[in-house]
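Colleague: One structure, pasted below without further comment.
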Amino acid sequence: MTATAEIPASRLFWQGMRSGIPVVFGYIPVGIAYGVSALQAGFSPFETVLMSMMVYSGSGQVLGVSMTAQHAGLTAIFIATFLINFRYFIMSACIFSRLPQLRTFGRILASWFVVDETFAIFTTAPNKQAKLACLAGIITLTYSAWVLGAVIGVLAHSVLPEWISAGLGIALYALFIAIVVPGCRRSGRILVMVLCTAFICCALSMVIDGSWAVVISTLVCAAAGAFFIKDAGSSSQTTPADNRDEAQSAAGAAAVKEEP
């Protein structure tokens, strides 16, 4: 008998949740740091938690908070967060290629919850486990952990000493460095692009508003890097991780240089 029995949906759901447990230990601390930073930037507790529920993007939220603290305009914030989150289009396409039966409305809804960790876990899962129920389990746990981190951050801000709350702001640097470093280690050309982005952002900040320096340096260097890195890697196979690193590096580098 060669047929393989289908795994029940309930079991797939719990398998998905179990595979997402390691992510929780990273999400909650970063969520706490985000919550504290958002309050320090002038967001209300309700706005802070609502952003985690509606945006669900660590890098996008932290970038938005840091640019808000610098009194950036909505247009600059929109463009910068769109660029840094553009990789989710690619990640969603990869995930849904494993779920051909999922209809358009389901894809629209599920894509809202696609983040780096969801992408990494689901796209590397065995074929027999790569089902909608498993994706739902991953999303349920990781999304809940991210929102919980923001809630804890809001509550902790009112009870923690001021020097500890201020110290949590270092997580902003750590998050964007974590975005940039993997791509730099993978490719020397990405490292060159990151350094160029940082240099251009610093130079532009001397003559124009810092938030627009982030946007312009990201646009210019990401566009240049798209051709520069593609040409270098044309003879080898590009992996989803490579695409993700290239999509993040320019925006991450600009954000690191523009942190207050």
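Colleague: So for the range 86-100 (the condition being without any contact (Cβ under 8 Å) to a residue 60 or more places away in the chain and under 18 Å from SER52 (Cβ atoms)), does at least one residue qualify?
Modeller: yes
Colleague: In addition: Within the range 116-123, identify whether any single residue is closer than 18 Å to GLN61 by Cβ, at pLDDT below 90, open to solvent by 70 Å² or more (accessible area, probe 1.4 Å) and not polar (S, T, N, Q), and answer yes or no.
Modeller: No, the range 116-123 has no match at all.
Colleague: Hey, can you tell me all the residues within the range 120-129 that are hydroxyl-bearing (Ser, Thr, Tyr) and either in contact with a Lys or Arg (Cβ under 9 Å, 6 or more places away or on another chain) or part of a helix (DSSP H, G or I) (or both)?
Modeller: Correct list: THR123 only.
Colleague: Let me ask another. Out of the residues in the range 11-38 meeting the condition of being assigned to a helix (DSSP H, G or I), of a type in the set (Gly, Ala, Ser) and touching a Ser or Thr at 6+ places or on another chain (Cβ under 6 Å), tell me which one is nearest to GLU117 (Cα to Cα).
Modeller: Looking at residues that are assigned to a helix (DSSP H, G or I), of a type in the set (Gly, Ala, Ser) and touching a Ser or Thr at 6+ places or on another chain (Cβ under 6 Å), I get GLY35.
Colleague: Being in contact with a helix residue (DSSP H, G or I) (Cβ under 7 Å, 6 or more places away or on another chain), in a helix (DSSP H, G or I) and open to solvent by 50 Å² or more (accessible area, probe 1.4 Å) is the filter here; which residues of the range 80-107 pass it?
Modeller: ILE90, ARG107
Colleague: In this structure, does TYR143 turn out to be farther than 20 Å from ALA41 by Cα, modelled with pLDDT under 90 and in a helix (DSSP H, G or I)?
Modeller: no
Colleague: In addition: Can you name the condition, by its number, that SER111 falls short on among (1) modelled with pLDDT under 90; (2) of a type in the set (S, T, N, Q); (3) open to solvent by less than 60 Å² (accessible area, probe 1.4 Å)?
Modeller: In the conditions (1) modelled with pLDDT under 90; (2) of a type in the set (S, T, N, Q); (3) open to solvent by less than 60 Å² (accessible area, probe 1.4 Å), SER111 misses (1) alone.
Colleague: Hey, another quick one. For the range 39-57, give me each residue that is hydrophobic (A, V, I, L, M, F, W, C) and in a helix (DSSP H, G or I).
Modeller: Matches in the range 39-57: LEU39, PHE46, VAL49, LEU50, MET51, MET53, MET54.
Colleague: Out of ILE84, ILE95, ILE90, report the one residue that is at pLDDT 90 or above and either of a type in the set (Val, Ile, Thr) or farther than 19 Å from PHE119 by Cβ (or both).
Modeller: Only one candidate passes the filter, namely ILE95.
Colleague: Does ILE208 satisfy the criteria of being outside any helix (DSSP H, G or I), modelled with pLDDT of 50 or more and either over 23 Å from SER92 (Cβ atoms) or of a type in the set (Phe, Trp, Tyr) (or both)?
Modeller: Judged against the criteria, ILE208 is a match.
Colleague: Say we look at the range 43-72 and pick out the residues that are surrounded by fewer than 16 Cβ atoms within 10 Å (Cβ to Cβ) and modelled with pLDDT of 90 or more; which of these is farthest from VAL115 (Cα to Cα)?
Modeller: Among residues in the range 43-72 that are surrounded by fewer than 16 Cβ atoms within 10 Å (Cβ to Cβ) and modelled with pLDDT of 90 or more, the one farthest from VAL115 (Cα to Cα) is SER44.
Colleague: Same structure, new question: Considering the range 108-119 alone, what residues qualify as being polar (S, T, N, Q) and either part of a loop (DSSP other than H, G, I, E, B) or over 13 Å from THR140 (Cα atoms) (or both)?
Modeller: Answer for the range 108-119, where residues must be polar (S, T, N, Q) and either part of a loop (DSSP other than H, G, I, E, B) or over 13 Å from THR140 (Cα atoms) (or both): just SER111.
Colleague: Let me ask another. How about the range 186-201: which of its residues are surrounded by fewer than 17 Cβ atoms within 10 Å (Cβ to Cβ) and at pLDDT 80 or above?
Modeller: Answer for the range 186-201, where residues must be surrounded by fewer than 17 Cβ atoms within 10 Å (Cβ to Cβ) and at pLDDT 80 or above: GLY188, VAL192, LEU195, PHE199.
The values are calculated or read from the model by the stated rules, or taken from the named source; none is laboratory data. Bear in mind the structure is a predicted one, so any value in this text is a computation, not a measurement. Virtual Cβ from ideal backbone geometry, glycine too; neighbours counted across all protein chains shown. Just so you know, the surface numbers come from the protein's heavy atoms only, side chains and all, with ligands and any DNA or RNA stripped out. Shrake-Rupley method; radii C 1.70, N 1.55, O 1.52, S 1.80 Å.
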